[in-house]
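Scroll down for the structure; my scribbles are underneath it.
Read-outs throughout are calculated quantities, based only on the coordinates presented, and are distinct from any laboratory measurement. What you see is a predicted model; the values in this text were computed from it and never measured. With ideal geometry, Cβ positions are generated from the backbone for all residues, glycine too; neighbour counts draw on all protein chains shown.
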Amino acid sequence: MVFAREIEGQTLTFGVSGKLIMNAVVMYDHQTDTLWSQFLASGVDGPLTGVDMRLLPSQLTSWAAWVEQYPDTKLLDRTIGRGSGRDPYTSYYSSNSAGVLGEENGDARLRRKDLVVGLDHGQERIAYAFKHLADELVVNDTYEDAPVVITHDPAGGAAAAFSRAIGERTLTFEAVDRLAMRDVETGTTWASLTGKAVDGELIGATLEQLPSLVSFWFSWADFYPSTELWEP
């Protein structure tokens, strides 16, 4: 997750507090000592309690898939001189454990460690399981009465959410391949993880990317026990 650091007119710097809320990291800022929930994207204790952080569009994906999309990308590498650079949590990802604190709200609709991408920026909460998206690649749906499209790249493990509205048009999408989709109204081809039109009538247009969160199912269900789960 990537957040804007400018909050209520201040540019804040953050550290890790060492605290957890239902297994999710709690940050603090050096300027006000407010505690911030990474998962809720808001202040939970201190002067800025209840203030929301602005979530910026980003991707959680593999390095190979990222370079395929952005071959000239810059890399911030903090592993140089610090050992192998291997992910120390690999065994945790493959286990059935629910973090340090265990789960609060067991939900048998999915397996505990199934990955989901969720929408929670309105009053409703909805999650899309990667295992369901892998069969579809592109899902046209409605969220908070607004048309949305959810996209997924199984090879890179990435997912994104976009508005399907362009001006006064509402588009309907179908998958072309794992990194491209086409709208049936104009035949324009779009990059499915960036929302940019790359060929056709609407070339140069960009879909509005919506705030979304990739999470283990047990964590999403803990924070949002009444969540809707999209199923094909």
Open item on the list: For 39, 14, which order do you get if you count the other beta carbons within 10 Å of each Cβ and list the fewest first?
Closed with: 14, 39
Task: Taking 95, 37, 17, 163 and counting other C-beta atoms within 10 Å, the order from fewest to most - done: 95, 17, 163, 37
Open item on the list: Among DSSP bridges having both ends in the chain, what percentage is antiparallel? Round to the nearest 5.
Closed with: 95 percent
Open item on the list: Could you tell me the relative contact order of the chain? Use alpha-carbon pairs under 8 Å, at least six residues apart, and round to a whole percent.
Closed with: 17 percent
Open item on the list: Treating only the Cβ of Lys, Arg, Asp and Glu as charged (+1, +1, -1, -1), what charge dipole size does the chain show about its Cα centre? Round to the nearest 20 debye.
Closed with: 880 debye
- [ ] Figure the gain on full extension for residue 203 and residue 113 (residue separation times 0.36 nm, minus the Cα-Cα span) and round it to one decimal in nm.
- [x] 28.6 nm
- [ ] Would you work out which of 31, 92, 42 lies farthest towards the positive end of the dipole of the range 1-125, given +1 charges on the beta-carbon of Lys and Arg and -1 on that of Asp and Glu, about the Cα centre?
- [x] 92
TODO: Quickly estimate the mean residue ellipticity at 222 nm for the chain, helices only: each DSSP H run with n ≥ 4 gives -39500 (n - 2.57), and the total goes over all residues, rounded to 500.
DONE: -2500 deg cm²/dmol
TODO: Determine the distance separating the Cα centre of the range 1-79 from the Cα centre of the range 199-232; give it in Å without decimals.
DONE: 18 Å
Task: Under 20 Å from the Cα of residue 19 - aspartates and glutamates, other chains or at least 8 residues apart - done: 29, 33, 45, 52, 103, 104, 222
Task: For the range 2-56, convex hull volume per residue from C-alpha positions, Å³ - done: 70 Å³
Task: Gain upon complete extension [residue 33, residue 104; 0.36 nm per residue less C-alpha separation] - done: 22.8 nm
- [ ] Provide the per-residue ³J(HN,Hα) series for the range 120-135, in order, calculated from phi with Karplus coefficients 6.51, -1.76, 1.60 and θ = phi - 60°, each as a whole number of Hz, with x at glycine and proline positions.
- [x] 8, 8, x, 7, 8, 10, 9, 10, 10, 6, 4, 5, 7, 5, 4, 7
- [ ] Could you list the trypsin sites (Lys or Arg not before Pro) in the range 84-139 that lie in coil according to DSSP, counting only those with at most 16 other Cβ atoms within 10 Å of their Cβ?
- [x] 86, 109, 111, 113
Task: D_trans [Stokes-Einstein, Kirkwood Rh over alpha-carbon pairs] for the range 115-230, 10 °C, 1.306 mPa s, µm² s⁻¹ - done: 111 µm²/s
